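Take a look at the structure below.
Every number in this text was worked out from the coordinates using simple rules, so none of it is lab data. All values reported here derive from a predicted model rather than from experimental measurement. Positions of Cβ are generated from backbone atoms using ideal geometry, with glycine treated the same way; all protein chains shown enter the neighbour counts.
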Amino acid sequence: MTGVFLGTFVLALLSAFVLTRYVRDFATAHGWVAVPTQERHLHSSPLPRLGGVAIFFSFSLCMGMAAIWALYSPRVHSAFSLKTLLTILLPASLVFLLGVYDDIRGVGPYFKFSVQGVAATMLYMGGLKIVNIPVLFGDIKLPWIVGWAFTVLWVLAITNAFNLIDGLDGLAAGSALFSTLVAFVVALLGGYSLVTVMTIALAGAILGFLRFNFNPATIFLGDSGSLFIGFVLSALAIQGAQKAPTIVAVAIPVVSFGLPILETSLSIVRRLISGRPVFTADREHIHHKLLQHGMTHRQVVILLYGVSAVFAMLSLFLLWPTGSSLGLVLAVLGIGIWIGVQHLGYLEFGELARVAHRTFDQPQIFVNNLAIRRATEELKVARDYDQVRRILTAAFDSNDFDSFELKLELLPGEVVPFETSDSSAARRAGNSFRWTKAGTPKTFEGSAVWNLALNLMSSANRRRGMLTVQRLYCSRDLQIDINLLTSAFPTALADALDRTLAHSAQVIALPEQDTSLIAAQAG
């Protein structure tokens, strides 16, 4: 069988090399090129996108030659299942035609998913199906509807994952090459001759095409190539998992497809967090982030080749399972992915981390929020201006603000009532009252200060002044719901001032002195 594998690889390599050159020239002559019209496009000149045509026909040629060889060689025929080959090749051809049409005319995501779903259903009906998921359900066989749903979901995920990373010259093809080589080694060691032939043929076709696709590329893989490669690999993964339905057998293809799966997962999560449609295009993919960090096009591709190689080696490590091998591989992957995502600097995950950190601070947030809510209720029944001041002081003394200043707007005839104990200090302040938290400088001159100014408008639509709260800049988040300060609280404070200051005007205001009245009173 070694001669069959070697011959298949050489034939796929040479035929893909020749066909790619021909397809490139043919597509360019007919104007079937991708013009860089959008911001997310990284190429500067029009290039053909039909590289998948060369890979498809090279792969199909090798499979046809292998099928003919099997007819005349009993040894090869016994290990070669024509039914399984057709089960994979027919729906793969449908996906390939979809990609060609998309490269030339363009189609929407829902149409693409629909056709891919039909192709996945063809796999299921042909016998390539997910019958159980050991890591989730043990050895329990799934009902047919659940198995069909998981089969379609797996095929759609892997097919479009390879399509999603096709953003740089040679990236998708190179990543697929590493995954294909892993599938070849697994099939070779497992004795799955058909899968071995198919993977070595696909690897040869990808490598022959990669000569023209590596930076600087003269032809793109296109949807015809990325969708076809992803579909075939997803189908071969199902075939391998059927032969050895264990947790490790399922984990190997998942880990080997690590880069496209990671890219897809990050893209979906990012867009959900930011409230954007999942199918929208952007410049926030892993390769875009690396380019933004100052790396060149080629450096990014080589780095991501290295990442794909690490995923491939870790998946092959699972071929010799021990009691802790799966856990060790997953731990290494988890730590590596976490460090990598942190260095990429995604804003969405920074915000997610902030929300998670705020969750741990929630008890203090409850305390601060309740202080403002309690002050709002107490202001509604405040009897005098001095009580209003005590309510404000108590509310802000227990939260994250460092000071506040209350500036009053008095109506004609109103005065600020002062207690004897603080009359002199309050009078020096005029129509304002300032409070500073203990341990905080009395003046903030020369300091970076955050201010929130609240206009105090009463329910009777009378302006009663302004409350300015201040906080010194620091690294700790503000642990209070700011909406509590900007909704009911200003109105309650304005109503309290309206009520207490009006009362003071009635009590304190005196009529003009009448000397005859004073004399009568004295007598």
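Quick notes
- Loop-located trypsin sites (Lys or Arg not before Pro) in the stretch 368-421 (DSSP state other than H, G, I, E, B) with a sparse environment of at most 15 neighbouring Cβ atoms within 10 Å: Lys380, Arg383.
- Within straight-line cross-link reach of Lys407, lysines at Cα separation under 27 Å, skipping those fewer than 8 residues along the same chain: Lys380, Lys437, Lys442
- Among Lys437, Lys83, the order by Cβ neighbours within 10 angstrom, fewest to most, reads Lys83, Lys437.
- Set of lysines with alpha-carbon distance to Lys129 below 20 Å, sequence-local pairs under 8 removed: Lys83, Lys141, Lys243
- Under Karplus coefficients 6.51, -1.76 and 1.60, residue-wise ³J(HN,Hα) of the stretch 148-158 in Hz, glycine/proline x: 5, 4, 5, 5, 4, 4, 4, 4, 4, 5, 6
- Vicinal HN-Hα couplings computed from phi for the stretch 176-182 (Karplus, 6.51 cos²θ - 1.76 cosθ + 1.60; Hz; Gly/Pro x): 5, 4, 4, 5, 5, 5, 4
- Note that the stretch 227-234 has calculated 3J(HN,Hα) couplings of 5, 5, 4, x, 5, 4, 5, 5 Hz, one per residue in order, obtained from phi through the Karplus relation 6.51 cos²θ - 1.76 cosθ + 1.60 (θ = phi - 60°); glycine and proline are x.
- By other beta-carbon atoms within 10 Å, ranking Ile140, Ile206, Ile88 with the fewest at the front produces Ile140, Ile88, Ile206.
- Residue exposure sequence - Trp450, Trp148, Trp320 - by fewest surrounding Cβ within 10 Å: Trp320, Trp450, Trp148
- Estimated FRET transfer efficiency when R0 is 60 angstrom, pair Thr393-Ala29 (beta carbons, to 0.05): 0.15
- Taking amide H as placed 1.01 Å from N in the peptide plane, Trp450 has its amide H under 5 Å from the amide H of Arg471, Leu472, Tyr473, each at least 5 places away in sequence or on another chain.
- Cut-off under 5 Å, modelled amide H: who pairs with Leu47 long-range: Ala34
- Distance between the stretch 271-300 and the stretch 1-23 - C-alpha centres, whole angstrom: 34 Å
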